[in-house]
């Protein structure tokens with residue numbers, strides 16, 4: 001097998017050192033936030049309510065003011081904003097615990113999301129975008145559960161699919177247009193989240209007596225599978241093809257169980273054979289595509 005020469009296959013020592021520096025800074029910020037949470041948990045009974053709120057506000061305001069005064073390097077600024085964004089959630093949790101407001105959990109996450117939205121937009125920092133997107137997803141789920149909106153689980157997952165797909169498309173557009181520093185991992189992660197929600201919507205809809213939300217998910221899945229496959233071939237993305245293959249296999253396996261009307265030994269055997277054959281076929285085709293895309297002759 002003739003394999004073309006690949007240059008710069010491994011990262012240089014300087015890149016490894018830079019990655020380690022970033023990782024250590026991120027770990028430091030994370031442990032700092034965790035330490036603050038444990039500090040309040042341990043000293044909760046001994047602190048006056050005003051002291052609790054005052055300390056939390058100072059821990060949020062002072063680092064942000066420090067950014068404006070001392071103007072640290074870009075990575076440090078981003079990490080400080082991320083830490084402050086996490087502490088905003090701790091502040092709201094502290095306020096709710098002190099005054100026992102009785103608000104729904106979605107109010108907490110909604111306020112947290114709204115109050116860090118500006119920092120998220122100006123940070124140009126993918127981890128903070130991920131935190132913001134996670135908060136949006138949690139807020140939607142809790143709103144549907146607690147406000148009493150009569151939406152099925154299938155409908156909820158369809159909404160989450162639309163939200164995460166929109167976020168993924170936005171990240172990809174920003175990456176293509178060089179509007180922000182968008183790493184590939186966050187694009188792939190949002191694609192994984194969107195595909196997971198779509199697959200869940202289809203699979204649960206099959207067992208949920210084909211309610212209207214299922215047909216919405218079915219239409220969206222056809223559009224997603226076709227558009228995703230075309231884009232995957234255009235961009236030579238094995239990752240996206242793997243997601244679509246796996247999603248289709250799970251949905252078809254769910255349909256087989258539904259059609260056979262229950263879980264029995266024969267059904268499990270049939271589904272197992274289908275999964276084994278489907279994955280084997282998918283792997284063989286993906287290997288062929290990888291070879292053809294990279295100019296590797298068998």
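Which FRET efficiency value, to the nearest 0.05, is calculated for residue 93 and residue 280 with the Förster distance at 41 angstrom and r the Cβ-Cβ distance?
Step by step, r from the Cβ atoms, then E = 0.25.
Calculated FRET efficiency, residue 230 and residue 207, Cβ-Cβ r, R0 35 Å, to nearest 0.05? Provide the component values of the computation, followed by the final result.
Details: r = 30 Å, r/R0 = 0.86.
Efficiency computed from Cβ-Cβ geometry: 0.70.
Report the rotationally averaged projected area of segment 164-298 based on its alpha-carbon convex hull, in square nanometres. Walk me through the intermediate numbers first.
Values: hull surface 38.6 nm².
With the hull built on Cα positions only, its mean projection is 9.6 nm².
Is the shape of segment 41-149 best called rounded, prolate or oblate, per the rule: a/c under 1.5 gives rounded, else a/b larger than b/c gives prolate, else oblate, with a ≥ b ≥ c the square roots of the Cα gyration tensor eigenvalues?
Working: a/c = 2.91, a/b = 1.17, b/c = 2.48.
In terms of gyration-tensor shape, oblate.
Among 82-94, 113-125, how do they line up from the highest to the lowest mean number of other beta-carbon atoms within 10 Å? Could you put the intermediate results ahead of the total?
Values: 82-94: 20.4, 113-125: 16.5.
The peptides rank, most packed first, as 82-94, 113-125.
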Subject >> the chain: relative contact order in percent, alpha carbon pairs under 8 Å with at least 6 residues between >> reply: 15 percent
Subject >> On Cα atoms only, tilt of 105-115 relative to the major axis of the chain in degrees >> reply: 80 degrees
**OP:** Measure nothing fancy, just the Cα-based angle from helix 49-70's long axis to the longest principal axis of the chain, in degrees from 0 to 90, nearest 10.
**Re:** 80 degrees
Subject >> Distance between modelled label sites at residue 37 and residue 287, nm, 7 Å Cα→Cβ extension >> reply: 4.4 nm
**OP:** Describe numerically, in nm with one decimal, the distance between label points set 7 Å from Cα along Cα→Cβ at residue 45 and at residue 69.
**Re:** 3.7 nm
Original post:
By the gyration tensor of its Cα atoms, with a ≥ b ≥ c the square roots of the eigenvalues, what is the shape of segment 82-204: rounded for a/c under 1.5, prolate for a/b over b/c, or oblate?
Top reply: oblate
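P(r) tail for segment 232-297, what percent of Cα pairs lie past 13 Å?
Within segment 232-297, distances greater than 13 Å cover 67 percent of Cα pairs.
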Original post:
By how many nm would the segment from residue 57 to residue 246 grow when fully extended, if each residue of separation counts as 0.36 nm and the alpha-carbon distance is taken off?
Top reply: 63.4 nm
Original post:
Once both axes come from the Cα atoms, what is the angle between helix 265-293 and the longest principal axis of the chain, in degrees from 0 to 90, rounded to 10?
Top reply: 80 degrees
**OP:** Compute the whole-percent fraction of alpha carbon pairs in segment 200-245 spaced more than 15 Å apart.
**Re:** 47 percent
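Sorting check: for 247-253, 264-270, which peptide has the highest mean count of neighbouring beta carbons within 10 Å, and how do the rest follow? List each step's numbers first, then the result.
On the way: 247-253: 18.6, 264-270: 11.6.
Taking the mean over residues of other Cβ atoms within 10 Å, the ranking is 247-253, 264-270.
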Original post:
When the convex hull of the C-alpha atoms of segment 105-164 is computed, what volume per residue in Å³ does it have?
Top reply: 71 Å³
Original post:
Between residue 219 and residue 188, what length comes free when the chain is fully extended (0.36 nm per residue of separation minus the Cα-Cα distance, one decimal in nm)?
Top reply: 8.9 nm
**OP:** Consider just the alpha-carbon atoms of the chain and return their Rg together with their Dmax, both in angstrom.
**Re:** 23.8, 72
Original post:
Using a basic spin-label model with each label point 7 Å from the Cα along Cα→Cβ, how many nm lie between residue 273 and residue 27?
Top reply: 5.1 nm
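Computed from the coordinates by the stated procedures, all read-outs in this text should not be read as laboratory data. The structure presented is a predicted model; accordingly, all values stated were derived computationally and were not measured. Note: ideal-geometry Cβ built from the backbone for every residue, glycine included; neighbour counts use all protein chains shown.
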